[in-house]
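Heads up, the thing below is written out as C-alpha cells.
The values are calculated or read from the model by the stated rules, or taken from the named source; none is laboratory data. Fair warning: this is a prediction, and the values are worked out from it, not measured in the lab. Here the Cβ is made from the backbone with ideal geometry for all residues, glycine too, and neighbour counts use every protein chain on show.
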C-alpha cells in the first residue's frame, strides 16, 4: 500500500458507520437592519455523504410571551469547507470523492422582533455525528439570545472560522473559535454543554471523564481570545460547543453559540511550531516585552518582526491575520514561505491595549495543519517633560533650578541627567557644575520622554553678570538720584541703616567703596571717580551682607 493510501485510509474509515442525515454543527447569528427588523442567519455543517438538505425551522420566543416559528425552505449558499489541501479537494465526498468532506449551508430570513428582553432564536434536529465524548447519537440544538429592549439596533458577533477542524492524532491542537462583533463591546468565550431538543433543550449525555466544560481531556478555551487548545490522542470526533457572551459595559446583552466537531485522524502532519510566531525585533518606539507582546511608548510609529516556522521544511506556510482591521492604519508585510518573516508597522494609536492574531497554515496533503498565534500591543501614555530651552548662567551667579527653564506643563516627578550622562540634582551650581546639555527625563524604563536644557556659562565680567546673584530691592523708599550739577555725583535715599556702598565698573572692577549710615528721609551724596565714564553698578549692603540695592547707572561726563 502506498504512503498516500495509508495516510488517506483513516479518512475513509471515519466515513464508515456515519448515518446519512448526521449534522456536524452550526450556529445562529443576527444582524439588525433597522425598525426592529433583524436578519437571521442559520449556518449548518453536515457530512457531504448525507442526504440532501431539507427546509429548516427556526423557533422564536421572548420574555413577553411571544412565540412563533418560521420555515427556511432553501439555503442561500452552500460551500465545500473540507479541511483538505487544494490538490485533494476534488477528492472530497462533497465532490463525489472518497475523502471525508463537510459542507456549510447558509440559510437566511428577516423577521420583526418586538422590543423585549431575552429573544431566544433556536433550531434543533434529530441526530448528530457519532463521537468519542458523547453517548449515542443525540439530536443537536442551537440558539442565540438577545435583548431587544427599547428596540436597540445591534448585531451579533459572527464566528471567524467556518469549517470543521480536522487534525492529526498526537498533535497539539490550536483552533480559532473567536468571533467579530461591535468593537465597543467586550466578548468572552466559554465551553458549554452541547444540547439536544426534546423538545425543550437538554444537555447531551457525556461519556465518563468528559463534560461540556472539558469536552476532551485537557481541552480549554481562552476566555479572551477564543483559542481552543488540547492534545489530540485518539482517532475519532469530539463534539464541542462554544458560547460567546457579549457585554456592553458590565451588562451582558447577548449570547451566541456554535456546536461543531473536532475530527481527529491518523495522519502525520505537524502544524507550524508552537514555539514560533515570536516577536524577534522592534524599531522605533516599541519594545519587545514578551514572546508575543510589545510595549509602545506614545503614538510614535514602530515596526516589529515576527518569524513563523514549520518543522516540515518542504512545506510552505500561508498566513491570515486580522492585524490591519484590529490596528487601524497598520501594515503587515510578509516575505518567505518557511520560515515566514512578517513585519508589522503601526503608529498614531491612542494609549490602550490592542490585540490581533495570525493563523498560520501549511500546505500538507491531504490534511493541512494550522496554528493560531495571539499578540498584544500596549500603547503607553508617556509623561510630559515640558519643552526644553537654552539657559545662560553667570559664572558668578547663584545656583539655579534647571526646572525653571522648562516650558509647558512638565511632570514634576522626573529626573535630571548631566552632560556626562550622570544623574544630577537639577540645580546648576556656577563654578562647579559642567556646562552643556541637561536632560529632564519623565516616565520609566518602559516609556520615558525627555526635554533638554542647554546650559551656557557667561563670564563674570560680562556686563550682564556684574550683579549676578544679587537681589534687586525695588522698594520705593530706596531711591537713587542724579546730581543736577555734577555728572559724577549721585544722591541716595534709603531707610535707616549702616552698611557699605560699593561702585563697580562693567568689567567687575571696584571703583570705590565706603561705609555709610543712612537715615530715613535724608539723602546722602556719593561720588563716582572723575576718571570713569560709562556703566556704573551701585550696591548697597547692610551690615548683615543683605543687598538692598543693585542698580545700574550711566556716567557720560561732566555737565
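Key figures
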item: Selected residue [in contact (Cβ under 8 Å) with a residue 12 or more places away in the chain and in the same structural domain as residue 341 (by TED's automatic domain parsing)] from 237, 285; result: 285
item: Number of the condition not met by residue 87 [criteria: (1) surrounded by fewer than 18 Cβ atoms within 10 Å (Cβ to Cβ); (2) in contact (Cβ under 8 Å) with a residue 24 or more places away in the chain; (3) in contact with a strand residue (DSSP E or B) (Cβ under 8 Å, 6 or more places away or on another chain); (4) not in a loop (DSSP other than H, G, I, E, B)]; result: (3)
item: Set 106, 144: member being assigned by TED's automatic domain parsing to the domain that holds residue 259, surrounded by fewer than 20 Cβ atoms within 10 Å (Cβ to Cβ) and not in a loop (DSSP other than H, G, I, E, B); result: 106
item: Conditions (1) more than 25 Å from residue 315 (Cβ to Cβ); (2) without any contact (Cβ under 8 Å) to a residue 12 or more places away in the chain; number of the one not met by residue 275; result: (1)
item: Count - residues of the range 60-84 that are touching a residue at least 24 places away in the same chain (Cβ under 8 Å), in a strand (DSSP E or B) and more than 14 Å from residue 164 (Cα to Cα); result: 6
item: Subset of the range 345-369 (residues that are touching a helix residue (DSSP H, G or I) at 6+ places or on another chain (Cβ under 8 Å) and assigned to a loop (DSSP other than H, G, I, E, B)); result: 363, 365, 366
item: Check on residue 229, assigned to a strand (DSSP E or B) and over 19 Å from the mean Cα position of the chain (by Cα); result: yes
item: Residues being touching a strand residue (DSSP E or B) at 6+ places or on another chain (Cβ under 7 Å) and either loosely packed, with under 15 Cβ neighbours inside 10 Å or at pLDDT 65 or above (or both) - total across the range 470-489; result: 11
item: Pairs where the first residue, in the range 301-313, is within 16 Å of residue 361 (Cβ to Cβ) and the second is at pLDDT below 90, C-beta under 7 Å, 6+ apart; result: 309/273; 310/273; 311/270; 311/273; 312/270; 312/364
item: Residue 249 more than 31 Å from the chain's Cα centre (by Cα) and assigned by TED's automatic domain parsing to the domain that holds residue 139; result: no
item: Members of the range 305-326 that are under 13 Å from residue 343 (Cβ atoms) and either over 22 Å from the mean Cα position of the chain (by Cα) or crowded, with 19+ Cβ neighbours inside 10 Å (or both); result: 306, 308, 321, 323
item: Residue list for the range 343-370, restricted to those being farther than 25 Å from residue 83 by Cα, crowded, with 21+ Cβ neighbours inside 10 Å and more than 12 Å from the chain's Cα centre (by Cα); result: 344
item: Residue that is more than 18 Å from residue 252 (Cα to Cα) and more than 34 Å from the chain's Cα centre (by Cα), where the choices are 235, 167, 173; result: 235
item: Residue within the range 354-374 that is touching a strand residue (DSSP E or B) at 6+ places or on another chain (Cβ under 7 Å) and over 30 Å from residue 264 (Cβ atoms) present; result: yes
item: Enumeration of residues in the range 371-397 that are part of a strand (DSSP E or B) and buried (at least 21 other Cβ atoms within 10 Å of the Cβ); result: 371, 372, 373, 375, 377, 379, 393
item: Those strands (runs of 3 or more DSSP E) lying entirely in the range 497-549 with at least 1 residues under 60 Å from the mean Cα position of the chain (by Cα) and at pLDDT below 85; result: none
item: Scope the range 166-188; condition in a loop (DSSP other than H, G, I, E, B), crowded, with 22+ Cβ neighbours inside 10 Å and touching a strand residue (DSSP E or B) at 6+ places or on another chain (Cβ under 6 Å); matching residues; result: 177
item: Qualifying residue in the range 150-162 (condition: touching a strand residue (DSSP E or B) at 6+ places or on another chain (Cβ under 9 Å), surrounded by fewer than 16 Cβ atoms within 10 Å (Cβ to Cβ), touching a residue at least 40 places away in the same chain (Cβ under 8 Å) and within 26 Å of residue 47 (Cα to Cα)); result: yes
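Results for (1) surrounded by 12 or more Cβ atoms within 10 Å (Cβ to Cβ); (2) at pLDDT 85 or above, shown as yes or no for each residue.
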position: 40; (1), (2): yes, yes
position: 49; (1), (2): yes, no
position: 59; (1), (2): yes, yes
position: 73; (1), (2): no, yes
position: 78; (1), (2): yes, yes
position: 91; (1), (2): yes, yes
